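Please read the structure below before turning to the comments.
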Amino acid sequence: MKKNLFLWMLLAFGAVTFTACSEDDDNGGNGGNGNVQNSCYVVNQGGWGFNNASLQVYDAAAGTATSPDCNEDIFFTANGELLGDVAQDLLWVGDKLFVTVTNSQKLEILDETGKRVRQYTYAAEGASPRYMATDGQKVYVTNYDGYVYVYNAASGDSLTRIYSGSYPEGISVVDGTLVVNNSNYGGNGGGEATVALIDLASGEAKIIKENVCNPYTQSLVCGGEVYIIDSGNYSDILPTIYRVDTESATLEKIVENATYMATCGECIYYVNATFSYSNFLTNYSPLCKLDVATGEKSEILPEEAMKDVCSLNVNPQTGDIYVGFSPSADDFGTMRVYSADGEQKGLFEVGYYTSGARFRN
């Protein structure tokens, strides 16, 4: 819930104690996911403190989606309980779904029907699991206690944790290196905003501080390199896409005025929805495409089509672009599906504050 982060800064965050609290190896349940190429999961954060997060399945071939209502979504259907308070991220690896639920202080590991396989809780007050990345063998989860927690992708077993920095958020893994955005809670975390480059073999870390203001949720791998968004200060320091040079531990500015980005593997799509504390308004931009090999930029959709955008994702198998919109805190949002050249192919209802579409890794 990007716009609202700094509105919650009065919330206190304490030390975190990590425990595994339950396990269920029964992989039954209702629902299911058919054609992988034409299907995705949609994770809806829900309202802060309202316990109304939800998970959906969208079938692009049929043009149908399961209910966005938290009392009818796939998690509730499979488990008979609500998912929780602010579902932050979902990672689909193999036949498992890893879901972080920030305010509920837990990681849910589900089968493809949404039924719980395992659950980990972070028991101390203030614990907040955030974003995830995978190398196919392990799953890496950032947590506001300053650590990245590591799990076996196949079994869901807890393996270890790695210190990263102050309030880690977005994360990527490439060539044996974790790239972690340490946001320092927008300057209010009591530490320092950095980008950490952690060598998984040696455990050694390079720390990037130059040009770092508020590296937040956005991190991805495109063309074998990591790109992040530094969200700036919501005033005179603009949100910027940077390429991370893991060898020299430096950031290269790529695009200014971008708050959401997604990749098809060879290019980056990006759009701006900058909230400003100067006038409490949000500025939008066209949806654009960047060819990372040539540096060529092109406009895919006009600015007027991007009003109220809140998420951006690309299906790496089909190249279709999934754009989430949240016009009101009191109503469900919508998801529009576009072809790579901007032709609308689908439209369906999503829940409150959608984090967007997730595809199989």
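Looking at (1) acidic (Asp, Glu); (2) closer than 25 Å to GLY224 by Cα; (3) touching a Phe, Trp or Tyr at 6+ places or on another chain (Cβ under 7 Å), which one does ASP157 not meet, given that it meets all the others?
(2)
Yes/no matrix, rows are residues, columns are (1) buried (at least 23 other Cβ atoms within 10 Å of the Cβ); (2) touching a strand residue (DSSP E or B) at 6+ places or on another chain (Cβ under 7 Å); (3) of a type in the set (S, T, N, Q):
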{"residue": "PHE325", "(1), (2), (3)": "no, yes, no"}
{"residue": "MET335", "(1), (2), (3)": "yes, yes, no"}
{"residue": "LYS345", "(1), (2), (3)": "no, yes, no"}
{"residue": "GLU349", "(1), (2), (3)": "no, yes, no"}
{"residue": "SER355", "(1), (2), (3)": "yes, yes, yes"}
{"residue": "ARG358", "(1), (2), (3)": "no, yes, no"}
{"residue": "ASN361", "(1), (2), (3)": "no, yes, yes"}
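Could you check GLY319 against (1) at pLDDT 95 or above; (2) part of a strand (DSSP E or B) and say which number it fails?
Single failed check for GLY319: (2).
Checking the condition modelled with pLDDT of 95 or more, surrounded by fewer than 17 Cβ atoms within 10 Å (Cβ to Cβ) and part of a strand (DSSP E or B), which residue from THR121, THR160 passes?
On the way: THR121 fails: surrounded by fewer than 17 Cβ atoms within 10 Å (Cβ to Cβ).
Step by step, each of THR121, THR160 is checked, and only THR160 is modelled with pLDDT of 95 or more, surrounded by fewer than 17 Cβ atoms within 10 Å (Cβ to Cβ) and part of a strand (DSSP E or B).
Could you go through region 207-215 and let me know if any residue there is within 12 Å of THR274 (Cβ to Cβ) and either of a type in the set (A, V, I, L, M, F, W, C) or in a strand (DSSP E or B) (or both).
No, every residue in region 207-215 fails to be within 12 Å of THR274 (Cβ to Cβ) and either of a type in the set (A, V, I, L, M, F, W, C) or in a strand (DSSP E or B) (or both).
Of all residues in region 186-206, count the ones that are assigned to a loop (DSSP other than H, G, I, E, B) and either in contact with a strand residue (DSSP E or B) (Cβ under 8 Å, 6 or more places away or on another chain) or over 11 Å from PRO168 (Cβ atoms) (or both).
Step one: filter region 186-206 for residues assigned to a loop (DSSP other than H, G, I, E, B), giving 188-193, 200-204.
Going one step further and asking which of them are either in contact with a strand residue (DSSP E or B) (Cβ under 8 Å, 6 or more places away or on another chain) or over 11 Å from PRO168 (Cβ atoms) (or both), we end up with 188, 190-193, 200-204.
Residues that pass the stated criteria total 10.
All but one of (1) of a type outside the set (Val, Ile, Thr); (2) farther than 22 Å from ASP157 by Cβ; (3) surrounded by 23 or more Cβ atoms within 10 Å (Cβ to Cβ) hold for ASN103; state the number of the condition that does not hold.
Just one mismatch for ASN103, condition (3).
Tally the residues that are more than 16 Å from THR194 (Cα to Cα), over 14 Å from the mean Cα position of the chain (by Cα) and either free of Cβ contacts under 8 Å to residues at least 60 places away in the same chain or buried (at least 23 other Cβ atoms within 10 Å of the Cβ) (or both), restricting the search to region 213-236.
Filtering region 213-236 for residues more than 16 Å from THR194 (Cα to Cα) gives 220-225, 234-236.
Add one more test, that the residue is over 14 Å from the mean Cα position of the chain (by Cα), and what stays is 222-225, 234-236.
Checking the rest, the ones that are also either free of Cβ contacts under 8 Å to residues at least 60 places away in the same chain or buried (at least 23 other Cβ atoms within 10 Å of the Cβ) (or both) come to 224, 235-236.
Going through region 213-236 one residue at a time, the tally reaches 3.
With the requirement that a residue be hydroxyl-bearing (Ser, Thr, Tyr), touching a residue at least 12 places away in the same chain (Cβ under 8 Å) and either surrounded by 23 or more Cβ atoms within 10 Å (Cβ to Cβ) or not in a strand (DSSP E or B) (or both), what does region 239-263 give you?
Taking region 239-263 and keeping what is hydroxyl-bearing (Ser, Thr, Tyr), we get 240, 242, 246, 248, 250, 259-260, 263.
With the extra rule that they be touching a residue at least 12 places away in the same chain (Cβ under 8 Å), the set shrinks to 240, 242, 246, 250, 259-260, 263.
Passing the criteria: THR246, THR259, TYR260.
With the checklist (1) touching a Cys at 6+ places or on another chain (Cβ under 9 Å); (2) of a type in the set (A, V, I, L, M); (3) part of a loop (DSSP other than H, G, I, E, B) in hand, flag the one item ALA329 doesn't pass.
(1)
Go through region 270-309 and give me each residue that's closer than 12 Å to ALA258 by Cβ and among the polar types (S, T, N, Q).
Result: ASN272, THR274, ASN283, SER285.
Can we say SER54 is polar (S, T, N, Q), touching a Cys at 6+ places or on another chain (Cβ under 9 Å) and at negative phi? Even if it seems obvious, please write down each step before you answer.
Working: polar (S, T, N, Q): yes; touching a Cys at 6+ places or on another chain (Cβ under 9 Å): yes; at negative phi: yes.
Yes: the conditions hold for SER54.
Could you say which residue among TYR144, TYR151 is among the aromatic types (Phe, Trp, Tyr), closer than 18 Å to THR217 by Cα and in contact with a Phe, Trp or Tyr (Cβ under 9 Å, 6 or more places away or on another chain)? Spell out how you get there, then give the answer.
Values: TYR151 fails: closer than 18 Å to THR217 by Cα.
Sole residue among the options that is among the aromatic types (Phe, Trp, Tyr), closer than 18 Å to THR217 by Cα and in contact with a Phe, Trp or Tyr (Cβ under 9 Å, 6 or more places away or on another chain): TYR144.
So which residues in region 121-136 are under 22 Å from VAL173 (Cα atoms) and hydroxyl-bearing (Ser, Thr, Tyr)? Walk me through how you get there before you give the answer.
In the first step, residues of region 121-136 are kept if they are under 22 Å from VAL173 (Cα atoms); the result is 128-136.
Matches in region 121-136: SER128, TYR131, THR134.
May I ask you to list the residues in region 57-88 that are surrounded by fewer than 19 Cβ atoms within 10 Å (Cβ to Cβ) and part of a strand (DSSP E or B)?
The answer is ASP59, THR64.
Looking only at region 178-195, which residues are farther than 14 Å from VAL141 by Cα, out of contact with any helix residue (DSSP H, G or I) (no Cβ under 9 Å at 6 or more places or on another chain) and modelled with pLDDT of 95 or more?
Answer for region 178-195, where residues must be farther than 14 Å from VAL141 by Cα, out of contact with any helix residue (DSSP H, G or I) (no Cβ under 9 Å at 6 or more places or on another chain) and modelled with pLDDT of 95 or more: ASN184, VAL195.
Which of the residues belonging to region 191-204 are in contact (Cβ under 8 Å) with a residue 24 or more places away in the chain and farther than 20 Å from THR259 by Cα?
Initially, region 191-204 is screened for residues in contact (Cβ under 8 Å) with a residue 24 or more places away in the chain, giving 191-198, 200-201, 203.
Answer for region 191-204, where residues must be in contact (Cβ under 8 Å) with a residue 24 or more places away in the chain and farther than 20 Å from THR259 by Cα: GLY191, GLU192, ALA196, LEU197, ILE198, LEU200, ALA201, GLY203.
From (1) farther than 18 Å from ARG130 by Cβ; (2) at pLDDT below 95; (3) among the hydrophobic types (A, V, I, L, M, F, W, C); (4) in contact with a helix residue (DSSP H, G or I) (Cβ under 9 Å, 6 or more places away or on another chain), pick out the condition that doesn't hold for TRP48.
Of everything listed in (1) farther than 18 Å from ARG130 by Cβ; (2) at pLDDT below 95; (3) among the hydrophobic types (A, V, I, L, M, F, W, C); (4) in contact with a helix residue (DSSP H, G or I) (Cβ under 9 Å, 6 or more places away or on another chain), TRP48 misses just condition (1).
So for region 179-202 (the condition being aliphatic (A, V, I, L, M), surrounded by fewer than 20 Cβ atoms within 10 Å (Cβ to Cβ) and within 18 Å of the chain's Cα centre (by Cα)), does at least one residue qualify? Break it down stepwise before answering.
Step one: filter region 179-202 for residues aliphatic (A, V, I, L, M), giving 179-180, 193, 195-198, 200-201.
Cutting the leftovers down to surrounded by fewer than 20 Cβ atoms within 10 Å (Cβ to Cβ) gives us 200-201.
Still in the running and within 18 Å of the chain's Cα centre (by Cα): none.
No, region 179-202 has no match at all.
The values are calculated or read from the model by the stated rules, or taken from the named source; none is laboratory data. Computed from a predicted model, the values in this text were never measured in an experiment. Please note: Cβ atoms are built from the backbone with ideal geometry, for glycine as well, and neighbour counts cover all protein chains shown.
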